[in-house]
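Asks: Just passing along the structure, written as structure tokens.
The values are calculated or read from the model by the stated rules, or taken from the named source; none is laboratory data. Fair warning: this is a prediction, and the values are worked out from it, not measured in the lab. Here the Cβ positions follow ideal geometry from the backbone for every residue, glycine too, while neighbour counts run over all protein chains shown.
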Amino acid sequence: MDALWNLIGDDLPALQIAMPLLTATVCVIVRRPMLAWAVAMFNAWGAVINASILLYRVWTRGTISYVEGGWPVPWGIELRIDLLNALVLLVVTSICAIVLVAVPRSIADEIPREKHYLFYAAYLLCMTGLAGMTITGDAFNIFVFLEISSLASYALISQGRTSRALTSAIQYLIMGTLGGTFILLGIGMLYMMTGTLNLVDMADQLALLGLNRTVLVAMACLGVGIGIKLAVFPLHTWLPNAYTYAPAVVTAFLAATATKVAYYVLVRFSYSVFRINLTFDGTHPNAILMVLGIAAMFAGSLVAIYQDNVKRMLAYSSVAQIGYMVLGLSLANEAGLTGGLVHVFNHAIMKCGLFLVLACVLLRMGSTRLSAFAGLGRRMPLTFAAFVLGGLSLIGVPMTVGFVSKWYLVLGALEAGLWPVAVLILASSILALVYIWRVVEVGYFQAPPEGADEVTEAPLSMLVPTWILIGSTLVFGVYTSLSAGVASAAAKMLIGGGS
Amino acid sequence: MSPATAVGLAVVWPLLAVVLIIVFRNRPNLRETGTLLTGASLFAIVAGVILPSVQAGGRPRFDVWEVLPGLELAFEVEPLGMLFGLVASGLWIVTTFYSIGYMRGHHEKNQTRFYICFAIAISGALGVAFAANVFTLFVFYELITLSTYPLVTHSGTKEARNAGRMYLGILMGTSIAFLLFALVWTWLATGTTEFTPGGILAGKVEGTPLMILLALYAFGTGKAALMPFHKWLPAAMVAPTPVSALLHAVAVVKAGVFTILKVVVYVFGIDLLAATDASRWLTWVAAFTIVAASCVALGKDNLKARLAYSTISQLSYIVLGAALATTAGVMGGGMHIVMHAVGKITLFFCAGAIMVGAHKTEISEMDGLGRRMPFTFGAFLLGSLSVIGLPPMGGSWSKWFLMLGAAEAGQWVMMLVLMASSLLSIAYLMPVVVRGFFRPVPVDDHHGNGIHEAPLLCVLPPVATALGGIVLFFYAEDIWLLLMGMVP
């Protein structure tokens, strides 16, 4: 292990970005769909192993700093991995790899075969951008990787089989570009004030500088820009369409990664760059983010209740779940931030699992409307059981990951002395019960329409990844040292004002 | 087998039945034999291994896993949990016999699913009974809710679906909104959720917040059917009768009142509540529920609906016992868990037997039925006496101790409430017996006057539990001695 580490260990962080970039071009060269898939799989699972090693390293030996091209910090570009982004990186790469298993069968019906190699190339480029945003220690680099991942995701979304996919992709493109521009503006102003782009260095300079009007405007620009990418209510309008009309696996992939990385960037700026005393004026909860988070929890869940398309319903549920994360961040205490961070992990696996369930339903029923769920309990029992379990996790039933997140969030709210917020968190869980159970009732009680075709269970290549994720929601609901353990250590570090 | 291992084993033991049921799903006789054998062996474990240890003053403990730092999944058996565990596992056997008769006699569908969910619910009930801390209790409390949902909605009709919605909405809603809140609050205030003799809250939470916390626990436990969160129980009567009998007279609802009683004794501590008077408001809510539910029961013509409201009323006896915060009160409450379970399950068994044997559900249609079904109506009479609280039935003792508890607390009004409730229960239960035995058979009934009971497996269980009620009258002292270990 140590010998291996000495050989290539130092370059592992760079591989995390270089590999998918390289294999994306390989996909374009090989062109044969299954070969391109094999290349992507090789890369994706390699990235998972790489991310696991990195997390283990950070856990045992502390922050890893990698200087690109040997240019010393703060002049060169640094890749900097601490507990916070090591966890996010593991989530992103794992989701990439697990979803990829289901991709060939799922896109076979949705995307023309001759475009498959391009799909894999875009998928890997998106992964490059997300991994890059996660581990880079350079503010401008964040913007660059953000654009890489965004452009790739516009391409992926536009592959949906209805023409609405195109308009959704354009809507996302416009919103995303706006967001990117705001982020660039913010970074530019910070560069103007501090003369540096390195995040650690920037934080040190800002600590000396304190708040002034330019820094405040930079904060605002970054908040709005990241807020759009993160789909914080009320900047979430692109999300429901993009999620609904994208190919099923793309939704599963993006729902679990893109917004999570955006959340990471928000945490990074509010806790590491501006540090807790600038963002939160000491340790007071941030009222703006808190209000937006709570509004998202309720608006998202309430709208979800009235959706006829289950995919759209889960998209609105994502808006609500992002609200939980933002709320956790806004509390500015250890338990609350732990809740937000652990929800990145937890929500990624449960929502990805649920969207994969919808991919199975779409494959067999040709639709994800509520009517397609009629009698699903008998027609596709394994798929439907996965939906029920994933749904219970969204509600936050104990022994599922949802409970772990909720526990920390409620604890954080009570520690901050905000019991009404705790009440609201719990009340919104009941809304989740309502929208999930609507679907469960249809699947469980409603008979399939007369003369409906025989339907078989989804193929194994899709059921296995689905159940890996749904199974994880149960496993990590009980075994929490990886998710909550790392999240709470990361929160402790961030509250303490570390890197 | 050491008692500690037995505790862990007992909770997962009913899941063994699930495996057997799935394996033998196409051979009903073997399938039901599997359930019966599991039930019998479970009772042997609970009564044969765990009970002696607890009687000897032991507190067998089984640690499973620490989910979050300080939040542990663990089991520890103390007298109250012992009692509830005995009731749930013992009556499971009787109910399985009854289920065989009822489900086949009534030609119900999806029997495999029915037996599976039933077994999981029993596992949940034992988990609640043996939970070592509030967190573990909460986990199994939710397991009971989820596993009984398919039982409530068994028939799949529109009515069943709506009932299921209310069932899940109220039980899960209250538990997430209030019980979980109380759990987090308790943990935050004390750093633990362990059930500890004498309570853990003394000196940690005081004044009005203490009352609010108690309210969160009392109303968060929707299964206790405290008004205004009682509507799910009558709605759940749409389920097959064995479900109403074991779950909605014993396992589910008793899990609710058991939770309140256990929290009052081991989290609040009765000394703290007695000293601060923080539970006085709860005595009034319980008293209101007792009287109001009895009055509603009077007006119900459907037998199962009447029994459901009677259950709501009787459950609040136990809540009242807890809220009185006196030794006699909580002991009487604990005793009432057993006595009411045996009495009410008898009544539900009889209601189901009448449904299977004579296809009658409304009380007004039962004129003269007692002469055709003498055993069923005889058992109904004994069960009624136990619920009313008259000798020679076990129910008289628990009522006696509850009265004593009210006197100890100096709450004379509560004594009056208990007496009034006894009178009301005579008024809503006795007419059934009187109609059955003394009213003439309607002229348009052509069944004749011969004895025509439901299938044997539907009649024997109520007779057995009715006789059990008499046995409990004479063995109440043993329960009393066991429960003595609960109060320091």
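Asks: Surrounded by fewer than 24 Cβ atoms within 10 Å (Cβ to Cβ) and either assigned to a helix (DSSP H, G or I) or touching a Gly at 6+ places or on another chain (Cβ under 6 Å) (or both): is that true of residue B:129 in this structure? Full working, then the answer.
Replies: Numbers: surrounded by fewer than 24 Cβ atoms within 10 Å (Cβ to Cβ): no; either assigned to a helix (DSSP H, G or I) or touching a Gly at 6+ places or on another chain (Cβ under 6 Å) (or both): yes.
Taking the combined requirement at face value, the residue does not satisfy it.
Asks: Same structure again: Looking only at residues that are surrounded by 24 or more Cβ atoms within 10 Å (Cβ to Cβ) and part of a helix (DSSP H, G or I) in region A:380-390, which one is farthest from the other protein chains (Cβ to nearest Cβ)? Let's see the steps before the verdict.
Replies: Just the residues of region A:380-390 that are surrounded by 24 or more Cβ atoms within 10 Å (Cβ to Cβ), to begin with: A:380, A:383, A:386-387, A:390.
After this cut, where a residue has to be part of a helix (DSSP H, G or I) as well, the list is A:383, A:386-387, A:390.
Working: A:383: 18, A:386: 16, A:387: 14, A:390: 14 Å.
Out of the qualifying residues, it is A:383.
Asks: Consider residue B:416 against the criteria (1) modelled with pLDDT of 85 or more; (2) touching a Leu at 6+ places or on another chain (Cβ under 9 Å); (3) of a type in the set (A, V, I, L, M): it satisfies all of them except one. Which criterion is unmet?
Replies: (2)
Asks: Do the conditions hold for residue B:121, that is, is it more than 10 Å from chain A (Cβ to nearest Cβ), under 19 Å from residue B:262 (Cα atoms) and modelled with pLDDT of 90 or more? So that I can check it myself, show each step before the final result.
Replies: Numbers: more than 10 Å from chain A (Cβ to nearest Cβ): yes; under 19 Å from residue B:262 (Cα atoms): no; modelled with pLDDT of 90 or more: yes.
Answer is no for this residue.
Asks: Here is a follow-up. Just checking, how many residues over region A:474-499 are more than 14 Å from chain B (Cβ to nearest Cβ) and in a helix (DSSP H, G or I)? Even if it seems obvious, please write down each step before you answer.
Replies: Restricting attention to region A:474-499, the residues satisfying the condition of being more than 14 Å from chain B (Cβ to nearest Cβ) are A:490, A:493-499.
Next cut, in a helix (DSSP H, G or I) only: A:490, A:493-495.
The qualifying residues number 4.
Asks: Moving on. Which pairs turn up if I take residues in region B:53-78 that are more than 14 Å from every other protein chain (Cβ to nearest Cβ) and crowded, with 19+ Cβ neighbours inside 10 Å and look for partners that are assigned to a loop (DSSP other than H, G, I, E, B) and basic (Lys, Arg) with beta carbon separation below 9 Å, at least 6 apart in sequence or on another chain?
Replies: From residues that are more than 14 Å from every other protein chain (Cβ to nearest Cβ) and crowded, with 19+ Cβ neighbours inside 10 Å, the pairs are B:76/B:59; B:77/B:59; B:78/B:59.
Asks: Looking at region A:415-461, which of its residues are acidic (Asp, Glu) and over 19 Å from residue B:170 (Cβ atoms)?
Replies: Scanning region A:415-461 gives A:415, A:450, A:453, A:454, A:457.
Asks: Now for a different question. Test residue A:95 against the stated conditions and say whether it is at pLDDT below 90 and touching a Phe, Trp or Tyr at 6+ places or on another chain (Cβ under 9 Å).
Replies: Working: at pLDDT below 90: no; touching a Phe, Trp or Tyr at 6+ places or on another chain (Cβ under 9 Å): yes.
Spelling it out, it is not the case that residue A:95 is at pLDDT below 90 and touching a Phe, Trp or Tyr at 6+ places or on another chain (Cβ under 9 Å).
Asks: Now a separate question. What number of residues in region A:391-418 are in a loop (DSSP other than H, G, I, E, B) and in contact (Cβ under 8 Å) with a residue 40 or more places away in the chain? Give the steps one after another, and end with the answer.
Replies: Taking region A:391-418 first, the residues in a loop (DSSP other than H, G, I, E, B) are A:396-400, A:416-418.
Among the residues that remain, those that are also in contact (Cβ under 8 Å) with a residue 40 or more places away in the chain are: A:398-400, A:416, A:418.
Number satisfying all stated conditions: 5.
Asks: Here is a follow-up. Applying the selection to region A:432-461, what residues are facing another protein chain (nearest Cβ under 10 Å) and within 25 Å of the chain's Cα centre (by Cα)?
Replies: Hits for region A:432-461 are A:432, A:433, A:434, A:437.
Here is a yes/no grid of residues against (1) free of Cβ contacts under 8 Å to residues at least 40 places away in the same chain; (2) in contact with a Pro (Cβ under 8 Å, 6 or more places away or on another chain); (3) under 20 Å from residue A:410 (Cα atoms):
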position	(1), (2), (3)
B:184	yes, no, yes
B:194	no, no, yes
B:197	no, yes, no
B:208	yes, no, no
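Asks: For residue A:393, indicate whether it is surrounded by 20 or more Cβ atoms within 10 Å (Cβ to Cβ), within 14 Å of chain B (Cβ to nearest Cβ) and touching a His at 6+ places or on another chain (Cβ under 6 Å).
Replies: Taking the combined requirement at face value, the residue does not satisfy it.
Asks: A further question on this structure: Are any residues in region A:64-78 among the acidic types (Asp, Glu) and closer than 13 Å to residue A:201 by Cβ, and if so, which ones? Walk me through it before giving the result.
Replies: Kept after step one, since they are among the acidic types (Asp, Glu), are these residues of region A:64-78: A:68, A:78.
A:78 - this is the single residue of region A:64-78 that is among the acidic types (Asp, Glu) and closer than 13 Å to residue A:201 by Cβ.
Asks: Only one of (1) under 30 Å from residue A:279 (Cβ atoms); (2) surrounded by 24 or more Cβ atoms within 10 Å (Cβ to Cβ); (3) within 14 Å of another protein chain (Cβ to nearest Cβ) is not met by residue A:334, so which one is it?
Replies: For residue A:334, the exception is condition (2).
Asks: Only one of B:402, B:424 is under 30 Å from residue B:329 (Cβ atoms), buried (at least 21 other Cβ atoms within 10 Å of the Cβ) and among the aliphatic types (A, V, I, L, M); which? Full working, then the answer.
Replies: Values: B:424 fails: buried (at least 21 other Cβ atoms within 10 Å of the Cβ).
Step by step, each of B:402, B:424 is checked, and only B:402 is under 30 Å from residue B:329 (Cβ atoms), buried (at least 21 other Cβ atoms within 10 Å of the Cβ) and among the aliphatic types (A, V, I, L, M).
Asks: Every residue in region A:396-418 that is buried (at least 20 other Cβ atoms within 10 Å of the Cβ), of a type outside the set (A, V, I, L, M) and more than 9 Å from chain B (Cβ to nearest Cβ), please.
Replies: A:400, A:402, A:405, A:412 - these are the residues of region A:396-418 that are buried (at least 20 other Cβ atoms within 10 Å of the Cβ), of a type outside the set (A, V, I, L, M) and more than 9 Å from chain B (Cβ to nearest Cβ).
Asks: Here's another thing I want to ask about it. Got a number for residues in region A:419-466 being charged (D, E, K, R) and either buried (at least 17 other Cβ atoms within 10 Å of the Cβ) or part of a helix (DSSP H, G or I) (or both)?
Replies: Taking region A:419-466 first, the residues charged (D, E, K, R) are A:438, A:441, A:450, A:453-454, A:457.
Checking the rest, the ones that are also either buried (at least 17 other Cβ atoms within 10 Å of the Cβ) or part of a helix (DSSP H, G or I) (or both) come to A:438, A:441.
Of the residues in region A:419-466, 2 are charged (D, E, K, R) and either buried (at least 17 other Cβ atoms within 10 Å of the Cβ) or part of a helix (DSSP H, G or I) (or both).
Asks: With region A:224-322 as the region, which helices (runs of 4 or more DSSP H) entirely inside it contain at least 2 residues that are out of contact with any Lys or Arg (no Cβ under 8 Å at 6 or more places or on another chain) and farther than 24 Å from residue A:357 by Cα?
Replies: Working: elements: A:238-245, A:248-267, A:275-279, A:287-305.
Where helices (runs of 4 or more DSSP H) fall fully within region A:224-322 and carry at least 2 residues being out of contact with any Lys or Arg (no Cβ under 8 Å at 6 or more places or on another chain) and farther than 24 Å from residue A:357 by Cα, they are A:248-267, A:275-279, A:287-305.
Asks: Right, next: Would you be able to say whether some residue in region B:152-163 is within 10 Å of chain A (Cβ to nearest Cβ), closer than 16 Å to residue B:319 by Cβ and either hydroxyl-bearing (Ser, Thr, Tyr) or not in a helix (DSSP H, G or I) (or both)?
Replies: no
Asks: I'd like to verify a number: residues in region A:98-125 that are among the aromatic types (Phe, Trp, Tyr) and either out of contact with any Phe, Trp or Tyr (no Cβ under 8 Å at 6 or more places or on another chain) or at pLDDT 95 or above (or both), how many? Before you say what the answer is, go through the steps one by one.
Replies: Initial filter on region A:98-125 (among the aromatic types (Phe, Trp, Tyr)): A:117, A:119-120, A:123.
Next, only the ones that are either out of contact with any Phe, Trp or Tyr (no Cβ under 8 Å at 6 or more places or on another chain) or at pLDDT 95 or above (or both) stay: A:117, A:119.
Of the residues in region A:98-125, 2 are among the aromatic types (Phe, Trp, Tyr) and either out of contact with any Phe, Trp or Tyr (no Cβ under 8 Å at 6 or more places or on another chain) or at pLDDT 95 or above (or both).
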